[in-house]
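A.B. asks: I'd like to ask you about the structure that follows.
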Amino acid sequence: MWEKSRGVRRMDEIRWWSLMLVCTLVAAVPIDTDKTKATVEAADDGQKPQSTDTGLYYDRYLREVVEVLETDPHFREKIQAADTEDIKSGRISQELDFVSHHIRTRLDELKRQEVARLRVLIKAKLSAPESAGIDRRLFLQKFNHLNHMNPDSFEPRDLDMLIKAATKDLENYDKEHHEEFKRYEMMKEHERREYLKGLDEETRQREEARYEEMKRKHKEHPKINHPGSKDQLREVWQETDGLDPADFDPRTFFMLHDTNSDGFIDEQEMEALFTKELEKAYSPQNEEDDMVEMEEERLRMREHVMNEVDVNQDRLINLAEFLRATEKQEFLEPDGWETVDEQLIYTEEELQEFENHISKTEEDLQRKKEELQRQEEELNKQQQHIQAQRQELQQVVQQMEQKKLPPPPPALPDPAAHFQPVGEQISHLASPQVGNSQPLPPGHLPDAAVVRSQQTP
C-alpha cells in the first residue's frame, strides 16, 4: 500500500500551452539522461512519449479532452495568448464555441463515454451493502469534473468544470499526501509499540537497542544540500550534466533542465533535480532507509523551492523567476536543511488519538465479527431444524402413499402345477398310493368301479 513511486518518465516533446501546464499532464525526462540525446531519440522514434498519470480518478478523460482540443488551430491560438488566470477562471472555456464541428463531435463522444463509466461506478457503489440510504443524486454531484445534467454533449461549462476541478484537485494533492504520510508514520510507530508489548523484558531491550542503531545508521549520510541552492544545483551540474562546476551558469542550467523546451521548469522537472540529494540519504538496499520517507522528502524539497521561486504561483518556474532566485542571498548562503526524520511529524497527543481511533475501529470490527458469528450459528440451527422438518414430512408422505395402495389380490393356484391328464388321474385313483392300505367303508365302491358299471349295457 505504501510502496508508491513518483518515478520520472520521458517528457512530451511539446507541452500543450498553459492548460497543459495548469493540469500538469506531462512527465519529465529522467534527470540522469542527456538532454540532447533524449531529443534526438524522441525525434527518431516518431512516437509521442507517455504522460504521467495525474492520480485523478478522471485522469484518462482529462488527458483525452486535452489531446482533442490540441488539434484545433483556433483554440490553440487562443490558449497561447491567454494567461494562467484566464484559464483558471474559466474565461478561456468560452472559446469552445468557435472550435470546428468535428472537434465538438469528438468531445461529445468522450463525454458520453465518461458518463457511461461513471454510471457503472455509481451502480457498483449503490449495490454495495453499506450503500443503504445513499441519495443517488447527491452521490452523482460528487463528480464535479463534468455537467452530468447534460450527458450527451460537451459544452463550455464542461470545459470550465474540468479545468477548475483538475486545478483544485491537483493543488490539494500535496496536502493529502502529507496527511497520508503522517498516518503512515503513526501507524508504523503504533505497530512497533504493539510488537514490543508482547515481548519479555530482555527481548524488548534488545529490540529497542536495534531500533536506535538503525536510526543512527540512517543519519550517517553525506550532507544534504539546501534544495534550490547554488551548492545543490552546481552538484547536479557537475555529477549529472558532467560539466565543470567552475563554469556553472544559471541560464544554461535552466535550459538544460527544461527538458521539453517549453520555457518552464514544472514540478516534475523540479523534483528530478533532487534525485542525487535523495540518494545520499536513502537506498532501497538499506534496512534502515524508508523509501516512503524518501518520497515525502522529495515532495517537501519541491514545495520549498516552488514557494521560494514561483512568484506568480502558477506551479511553474520561468527563466525570469529562476534567474531572480539565483540573485538572492539564500541562493548563495542557504540555511541547513532538515530531513524528514529530523522533523516532528506528529505529537504524542496525535499518536494517542490515532491509537484510540484504531482501538475503537478494532472493537467495532470485533463486534461485527461476533454478530456475524452469532447470525451464522442461528442460520445453522435454522437449517438443521428445516432439514429435520423436511425428513419428517418425507416420512409422512411415504406413509400416506402406502395407505392409498389397493390390497394385493389372493394368490391363484398355478394351473401347470395341478393339471394332470385324465389317464393319469384314473390310474392314480385305481392305484392307490403305496402305504395307503386302509379298507374302504362297507358299500363304498371306488370311483373307477362306478365308471365301469356305468359303461356296461
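A.B. asks: Out of (1) open to solvent by 60 Å² or more (accessible area, probe 1.4 Å); (2) free of Cβ contacts under 8 Å to residues at least 24 places away in the same chain; (3) under 35 Å from the mean Cα position of the chain (by Cα), the odd one out for residue 212 is which?
C.D. replies: Condition (3) is where residue 212 drops out.
Let's see how each residue does on (1) free of Cβ contacts under 8 Å to residues at least 24 places away in the same chain; (2) within 26 Å of the chain's Cα centre (by Cα):
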| position | (1), (2) |
| --- | --- |
| 149 | yes, no |
| 154 | no, no |
| 157 | no, no |
| 173 | no, yes |
| 193 | yes, no |
| 207 | yes, no |
| 236 | no, no |
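A.B. asks: Related question: Restricting attention to the stretch 272-292, and to residues there that are surrounded by 21 or more Cβ atoms within 10 Å (Cβ to Cβ) and touching a helix residue (DSSP H, G or I) at 6+ places or on another chain (Cβ under 7 Å), which single residue is nearest to residue 225 (Cα to Cα)?
C.D. replies: Filtering first and then ranking leaves 277.
A.B. asks: Could you list all residues from the stretch 245-284 that are touching an Asp or Glu at 6+ places or on another chain (Cβ under 9 Å), of a type in the set (S, T, N, Q) and closer than 20 Å to residue 298 by Cα?
C.D. replies: 259, 275, 283 - these are the residues of the stretch 245-284 that are touching an Asp or Glu at 6+ places or on another chain (Cβ under 9 Å), of a type in the set (S, T, N, Q) and closer than 20 Å to residue 298 by Cα.
A.B. asks: If I ask for residues that are outside any helix (DSSP H, G or I) and either of a type in the set (Ser, Thr, Tyr) or farther than 17 Å from residue 341 by Cα (or both), which ones from the stretch 275-307 would you list? I'd like the intermediate steps shown before the answer.
C.D. replies: Going through the stretch 275-307, the residues outside any helix (DSSP H, G or I) turn out to be 282-290.
Those that are outside any helix (DSSP H, G or I) and either of a type in the set (Ser, Thr, Tyr) or farther than 17 Å from residue 341 by Cα (or both): 282, 283, 285.
A.B. asks: Here is a further query. Just need a number here: residues in the stretch 182-206 that are out of contact with any helix residue (DSSP H, G or I) (no Cβ under 6 Å at 6 or more places or on another chain) and either outside any helix (DSSP H, G or I) or farther than 17 Å from residue 345 by Cβ (or both).
C.D. replies: Here the count works out to 11.
A.B. asks: Name the residue that is nearest to residue 274 (Cα to Cα), counting only residues in the stretch 295-315 that are hydrophobic (A, V, I, L, M, F, W, C) and in contact (Cβ under 8 Å) with a residue 60 or more places away in the chain.
C.D. replies: It comes out as 301.
A.B. asks: Can you tell me how many residues within the stretch 153-162 are touching a helix residue (DSSP H, G or I) at 6+ places or on another chain (Cβ under 6 Å) and either crowded, with 18+ Cβ neighbours inside 10 Å or in a loop (DSSP other than H, G, I, E, B) (or both)?
C.D. replies: 4
A.B. asks: Which one of these does residue 242 not meet: (1) touching a Pro at 6+ places or on another chain (Cβ under 7 Å); (2) open to solvent by 30 Å² or more (accessible area, probe 1.4 Å)?
C.D. replies: With (1) touching a Pro at 6+ places or on another chain (Cβ under 7 Å); (2) open to solvent by 30 Å² or more (accessible area, probe 1.4 Å) applied to residue 242, the lone miss is (1).
A.B. asks: Counting only residues that are in contact with a helix residue (DSSP H, G or I) (Cβ under 7 Å, 6 or more places away or on another chain), open to solvent by 80 Å² or more (accessible area, probe 1.4 Å) and within 28 Å of residue 287 (Cβ to Cβ), how many does the stretch 220-239 have?
C.D. replies: Result for the stretch 220-239: 1.
A.B. asks: What number of residues in the stretch 304-314 are within 19 Å of residue 253 (Cα to Cα), of a type in the set (D, E, K, R) and open to solvent by less than 50 Å² (accessible area, probe 1.4 Å)?
C.D. replies: 1
A.B. asks: Within the stretch 99-111, can you find the residues that are more than 16 Å from residue 62 (Cβ to Cβ) and open to solvent by 50 Å² or more (accessible area, probe 1.4 Å)? So that I can check it myself, show each step before the final result.
C.D. replies: Start the filter on the stretch 99-111 by keeping residues that are more than 16 Å from residue 62 (Cβ to Cβ), which leaves 99-105, 108.
The answer is 101, 102, 105.
A.B. asks: Taking residue 301 as the residue in question, decide whether it is in contact with an Asp or Glu (Cβ under 8 Å, 6 or more places away or on another chain) and at pLDDT 90 or above.
C.D. replies: yes
A.B. asks: Among the residues of the stretch 96-112, which ones are in contact (Cβ under 8 Å) with a residue 24 or more places away in the chain and part of a helix (DSSP H, G or I)?
C.D. replies: 96, 97, 98, 103, 104, 106, 107, 108, 110, 111, 112
A.B. asks: May I ask you to list the residues in the stretch 36-78 that are at pLDDT 80 or above, open to solvent by 90 Å² or more (accessible area, probe 1.4 Å) and either of a type in the set (Val, Ile, Thr) or more than 25 Å from the chain's Cα centre (by Cα) (or both)?
C.D. replies: Residues satisfying the conditions are 73, 77.
A.B. asks: A further question on this structure: Hey, could you check the stretch 316-351 for residues that are of a type in the set (S, T, N, Q) and farther than 29 Å from residue 261 by Cα and say which is most open to solvent (accessible area, probe 1.4 Å)?
C.D. replies: Selected residue: 343.
A.B. asks: Identify the residue in the stretch 245-271 that is farther than 17 Å from residue 308 by Cα and of a type in the set (Phe, Trp, Tyr) and, among all such residues, is least open to solvent (accessible area, probe 1.4 Å).
C.D. replies: Filtering the stretch 245-271 for residues that are farther than 17 Å from residue 308 by Cα and of a type in the set (Phe, Trp, Tyr), the one least open to solvent (accessible area, probe 1.4 Å) comes out as 253.
The values are calculated or read from the model by the stated rules, or taken from the named source; none is laboratory data. None of these values were measured; they are calculated from a predicted model. Backbone-built Cβ (ideal geometry, glycine too); neighbour counts: all protein chains shown. These area figures cover heavy atoms from the full protein model, side chains too; ligands, DNA and RNA do not enter into them. Shrake-Rupley method; radii C 1.70, N 1.55, O 1.52, S 1.80 Å.
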